[in-house]
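First comes the structure, then the notes that go with it.
The values are calculated or read from the model by the stated rules, or taken from the named source; none is laboratory data. None of these values were measured; they are calculated from a predicted model. Cβ coordinates were reconstructed from backbone atoms using ideal geometry, including for glycine residues, and neighbour counts include every protein chain displayed. Keep in mind that these areas ignore ligands, DNA and RNA; they rest on the heavy atoms of the full protein, side chains included. Shrake-Rupley method; radii C 1.70, N 1.55, O 1.52, S 1.80 Å.
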Amino acid sequence: QTDRPDPADLSDGLTLLGGVRAGFAYPFDRTFGIWPRAGLTLSSSSATREIVDPRVGESLGEFETRAHFFDASLEILGAVSPIEHIVLLGGPYLDLSLGGGYSVYDGDMLIDERDAHLTSFGFLVHAAGYY
């Protein structure tokens, strides 16, 4: 057994995520409704970590990685309000990539840069209070 660093170890870093959404909630009655929304999302992450050569398990040094993504967001949420001032929302979403990139730095020197795209889809569930 060797004292190789575990490549799955997480590094410390910073992630910023921001977005804007616009939509219109349309109630069918006092209990049920629909809330379609569209918007834009921007995310940016950076981290510094030790990178290990997987072939020999030796450290290649400390490197900074940066990634950024720009997505169009679409959601169609169904709304259920079982009691006054409480709403449960759920429905499909799609974050469609409009662009992005990934880069690796050794100090101030850029050593790798690539386009990167992040598209995701799934099902959202929210609970909220209102008045």
### Message
As a test question: what accessible area, to the nearest 10 Å², does residue 110 have when a 1.4 Å probe is rolled over all protein chains in place?
### Response
80 Å²
### Query
Around residue 14, what is the net charge, scoring Lys/Arg as +1 and Asp/Glu as -1 over all other residues with Cβ under 12 Å from its Cβ?
-1
### Message
Tell me the accessible surface of residue 46 in square angstrom (1.4 angstrom probe, heavy atoms of protein chains only), to the nearest ten.
### Response
40 Å²
## Note on the structure
Relative contact order as a percentage, the chain, C-alpha pairs under 8 Å and 6+ apart, gives 20 percent
### Per residue accessible area of the chain, 1.4 Å probe, in Å²
73 Å²
### Task
Heavy atoms only, probe 1.4 Å: what % of the accessible area of the chain goes to carbon and sulfur, would you let me know?
60 percent
